[in-house]
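The values are calculated or read from the model by the stated rules, or taken from the named source; none is laboratory data. Just so it is clear, the structure is predicted and the values come from calculations on it, not from any experiment. Reconstructed Cβ throughout: ideal geometry from the backbone, glycine too, with neighbour counts over all protein chains shown.
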Amino acid sequence: MRIIAGSARGMKLKAPRGKDVRPTSDRVREALFSIISSRLEGAVFLDLYAGSGAVGIEALSRGAEEALFIDHEKENILLIKENLARTGLSGKARVKKDDANKALSRLSRENFKAGLIYLDPPYSFTAIPELIQKLLDLRIAAQDGLIIVEHSYYNRLWAGQFKEARQKRYGDTCLTFIEP
């Protein structure tokens, strides 16, 4: 896994190990950043279920002002910190070990706002609509922000609940874009 473009272009990242781990492929990251490129410069990026941190680190490399990485696995938190250090982007990042729902409540109390929010829960996660609704209710997404969910193509029908949703498919992976 490597950073595709920007200040850290070509840097190799470490990925979590295990059969349940599914890092976002270079192909999907490249497509994602092609779609959101006009929103990146100076943005605050929230990487929820961050895993290795590759998506948020790519955002920083391509011009995001800052990124917040949240994951509940201690090993992933250590990996994100190591990957940030490798790329020299630690100064623009905060890394928190926390459950997604609890983290959103804390961020709301801090009046945290993100222009770009990336959710990459496990493909078996079924509470995506509730998580998105919580993001919307707590107004964590900036008014002109964008929520992006990476999920299984076979778990895509929930997106019909959100009127501004659009989807792009990349094999078994689907990206859903929701404007608050």
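Suppose we filter the range 164-178 for residues that are within 22 Å of Lys113 (Cβ to Cβ) and surrounded by fewer than 18 Cβ atoms within 10 Å (Cβ to Cβ); how many remain?
2
Mind checking whether some residue in the range 57-67 is exposed (fewer than 15 other Cβ atoms within 10 Å of the Cβ) and closer than 14 Å to Ile117 by Cα?
Yes, the conditions are met somewhere in the range 57-67.
Go through (1) closer than 16 Å to Gly51 by Cα; (2) surrounded by fewer than 20 Cβ atoms within 10 Å (Cβ to Cβ); (3) among the acidic types (Asp, Glu) one by one and return the number of the condition Glu110 breaks.
Exception for Glu110: condition (1).
Could you please find all residues in the range 133-160 being surrounded by 13 or more Cβ atoms within 10 Å (Cβ to Cβ), modelled with pLDDT under 90 and not in a loop (DSSP other than H, G, I, E, B)?
Within the range 133-160, Trp158, Ala159 qualify.
Can you tell me which residues in the range 1-53 are of a type in the set (Lys, Arg) and under 20 Å from Gln167 (Cβ atoms)?
Arg22, Arg27, Arg29, Arg39, listed by residue number.
Kindly check whether there is at least one residue in the range 8-31 that is farther than 24 Å from Thr176 by Cα, assigned to a strand (DSSP E or B) and either among the polar types (S, T, N, Q) or more than 15 Å from the chain's Cα centre (by Cα) (or both).
yes
Is there any pair with a first residue in the range 111-127 that is within 17 Å of Thr176 (Cβ to Cβ) and a second that is among the small types (Gly, Ala, Ser) whose Cβ atoms are under 6 Å apart and which are 6 or more apart or on different chains, and what are they?
Leu116/Ala43; Ile117/Ala141; Tyr123/Ser152
Mind counting the residues in the range 25-56 that are out of contact with any Phe, Trp or Tyr (no Cβ under 6 Å at 6 or more places or on another chain), crowded, with 21+ Cβ neighbours inside 10 Å and of a type in the set (D, E, K, R)?
Here the count works out to 1.
When only residues in the range 68-83 that are among the aliphatic types (A, V, I, L, M) and crowded, with 24+ Cβ neighbours inside 10 Å count, which is farthest from Leu116 (Cα to Cα)? Working first, answer last.
Step one: filter the range 68-83 for residues among the aliphatic types (A, V, I, L, M), giving 68, 70, 77-80.
Keeping just the survivors that are crowded, with 24+ Cβ neighbours inside 10 Å gives 70, 80.
Working: Ile70: 14, Ile80: 19 Å.
Among residues in the range 68-83 that are among the aliphatic types (A, V, I, L, M) and crowded, with 24+ Cβ neighbours inside 10 Å, the one farthest from Leu116 (Cα to Cα) is Ile80.
Please pick out the residue among Glu164, Glu130 that is at pLDDT below 90, among the acidic types (Asp, Glu) and more than 17 Å from Arg29 (Cα to Cα).
Working: Glu130 fails: at pLDDT below 90.
Answer to the check: Glu164.
Going by the conditions given, is Leu119 hydrophobic (A, V, I, L, M, F, W, C) and either within 17 Å of Ile35 (Cα to Cα) or at pLDDT 95 or above (or both)? Show your work before the answer.
On the way: hydrophobic (A, V, I, L, M, F, W, C): yes; either within 17 Å of Ile35 (Cα to Cα) or at pLDDT 95 or above (or both): yes.
Yes.
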